[in-house]
1. Could you work out the relative contact order of chain A, using alpha carbon pairs under 8 angstrom and six or more residues apart, expressed as a whole percent?
2. Taking every eigenvalue of the Cα gyration tensor of the protein assembly as shown, multiplying by 5 and rooting it, what semi-axes result, largest first, whole Å?
3. Using Cα springs under 10 Å in a Gaussian network model of chain B, which residue among B:106, B:89, B:49 shows the largest mean-square fluctuation?
4. In region A:23-113, what percentage of the DSSP-assigned beta bridges are antiparallel, given to the nearest 5?
5. What FRET efficiency, computed as 1/(1 + (r/R0)^6) with R0 = 25 Å and r the Cβ-Cβ distance, is obtained for residue B:69 and residue B:11, rounded to the nearest 0.05?
6. Just to check, using Stokes-Einstein with a Kirkwood Rh over alpha carbon pairs, what's the diffusion coefficient of chain A at 10 °C and 1.306 mPa s in µm²/s?
7. Can you tell me what share of the DSSP beta bridges in the protein assembly as shown is antiparallel? A percent to the nearest 5 is fine.
8. Once you wrap a convex hull around the alpha carbon atoms of region A:40-80, what is its projected area averaged over all directions, in nm²?
């Protein structure tokens, strides 16, 4: 089992719709979770971080965390063509000095005008 | 504030050669992490350096090594290059150690390595 798993997609949604991206992780003690966006040919950029169970909203983005189910998701409301990119889920696996940021394979999102 | 810089941006090498990549973190950042990104394997953690010490290491062979200098700049070296080492190598910096903190990791533009 991979430490962080995502559906590679592509996930295709029409402009204005809600895009839902999902991620599961294997380490039950993980405490820190991140969503990065990577445009083609560019480096990843952080869009959301979440550390507590529940929802965290930032503009059109909502991150959801369920530690009991080892599941984290990202919702993008009112999707725009400019949101078309690969979304990477990242989890700090391990704790203290042995912790490291592990990325999922990424989900490619296509927002069609 | 200047972002993370990586040099060179593009590199072409042949099998058996070695290569050294450089990463300069954001001013004030003491942690530098290195990642390899390929279409098949995605973004894979190589290692992290903090205050000149390697804090963590991913599952890569010993041909991959790194170091960090007192000014937090980091270098990554790959010896005896193989075709499979062709990838985008990204470094990311943060204020504190990635494994301990919730600090954001900021990525550089990457070095595209092609091994022929």
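Derivation of every value follows stated rules applied to the coordinates shown; laboratory data play no part. All of these numbers come straight from a predicted model, not from anything done at the bench. No Cβ is skipped: glycine too gets one built from the backbone with ideal geometry, and neighbour counts run over all protein chains shown.
1. 38
2. In descending order the semi-axes read 29, 20, 16 Å.
3. Taking springs between Cα atoms under 10 Å, the residue moving most is B:106.
4. Just about 100 percent of them are antiparallel.
5. So, using R0 = 25 Å, E works out to roughly 0.75.
6. 113
7. 90
8. Seen from a random direction, the Cα hull of region A:40-80 projects 3.8 nm² on average.
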